[in-house]
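**Q** One structure follows; several queries about it will come next.
The values are calculated or read from the model by the stated rules, or taken from the named source; none is laboratory data. Computed from a predicted structure; not experimentally measured. For neighbour counting, all protein chains shown are included, and Cβ atoms are generated from backbone atoms with ideal geometry for every residue, glycine included.
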Amino acid sequence: MEKFIRAQFDAKNRTMRAWTERNCVEFWTYTQEEYDEYVTYDHLLEYISGATECPEDFASYEEWADFLWAYDHPEEILMDFSYCCQWEDICRLAGVDPNELPYGSCCAIGPANWFAA
């Protein structure tokens, strides 16, 4: 995994941008409270109902949501934690306390000059 060399937090839009030598990655950011409000059974059900077809193994979206909620990691369906191992480093590069924004969900990746600041 490439090392991040710079990061910038946009407080108005609640996004974080982080750069490596080659790429720029953008994240939606979440406080613990926002994460707890976002990662819910109802939101999971809404998300899978609108995002994909119900698998044949399940009679309904509700049955599928029940399974995902009980046996899987629903937060990994609702959020992209691709860079979770580097999140604290990204926050520090941006001058943000990782305890105040403990979650970042990757929402876009582009070349390093993308979103140049």
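**Q** Cβ-Cβ below 9 Å, separation at least six or inter-chain, first residue in the stretch 77-93 and outside any helix (DSSP H, G or I), second among the β-branched types (V, I, T): which pairs?
**A** Pairs found: M79/V39; S82/V25; S82/I109; Y83/V25; Y83/I90.
**Q** Sticking with this one: So, in the stretch 7-46, how many residues would count as being farther than 30 Å from L93 by Cα, touching a helix residue (DSSP H, G or I) at 6+ places or on another chain (Cβ under 6 Å) and not hydrophobic (A, V, I, L, M, F, W, C)? It would help to see each step written out before you state the result.
**A** From the stretch 7-46, those farther than 30 Å from L93 by Cα are 40-46; that's our starting set.
Remaining after also requiring touching a helix residue (DSSP H, G or I) at 6+ places or on another chain (Cβ under 6 Å): 41, 44-45.
From what is left, the residues that are not hydrophobic (A, V, I, L, M, F, W, C) are 41.
Of the residues in the stretch 7-46, 1 are farther than 30 Å from L93 by Cα, touching a helix residue (DSSP H, G or I) at 6+ places or on another chain (Cβ under 6 Å) and not hydrophobic (A, V, I, L, M, F, W, C).
**Q** Go through T29, T20 for me and flag whichever is surrounded by 15 or more Cβ atoms within 10 Å (Cβ to Cβ), under 21 Å from I5 (Cα atoms) and out of contact with any strand residue (DSSP E or B) (no Cβ under 8 Å at 6 or more places or on another chain).
**A** Every option except T20 fails the conditions.
**Q** Going through Y71, Y30 one at a time, which residue ends up being out of contact with any Ser or Thr (no Cβ under 6 Å at 6 or more places or on another chain) and modelled with pLDDT of 95 or more?
**A** Criteria check complete, one pass: Y30.
**Q** Given the condition in a strand (DSSP E or B) and surrounded by 19 or more Cβ atoms within 10 Å (Cβ to Cβ), answer yes or no: does some residue in the stretch 36-50 qualify?
**A** Residues of the stretch 36-50 in a strand (DSSP E or B): none.
No, there is no match, as no residue in the stretch 36-50 is in a strand (DSSP E or B) and surrounded by 19 or more Cβ atoms within 10 Å (Cβ to Cβ).
**Q** Could I ask something else about it? Cβ-Cβ distance below 9 Å, separation of 6 or more or different chains: which pairs start in the stretch 19-45 with a residue that is within 19 Å of Q86 (Cβ to Cβ) and of a type in the set (S, T, N, Q) and end on one that is at pLDDT 95 or above and assigned to a helix (DSSP H, G or I)?
**A** Partner pairs satisfying both residue conditions: T29/C91.
**Q** Moving to a separate point now. Read through the list (1) hydrophobic (A, V, I, L, M, F, W, C); (2) within 16 Å of the chain's Cα centre (by Cα); (3) under 27 Å from G110 (Cα atoms); (4) surrounded by 15 or more Cβ atoms within 10 Å (Cβ to Cβ), then give the number of the only condition that C85 fails.
**A** Failed condition: (4).
**Q** Follow-up question, since we're still on this one. Condition first: in a strand (DSSP E or B) and hydroxyl-bearing (S, T, Y). Now tell me which residues in the stretch 23-35 satisfy that.
**A** Initially, the stretch 23-35 is screened for residues in a strand (DSSP E or B), giving 23-30.
Answer for the stretch 23-35, where residues must be in a strand (DSSP E or B) and hydroxyl-bearing (S, T, Y): T29, Y30.
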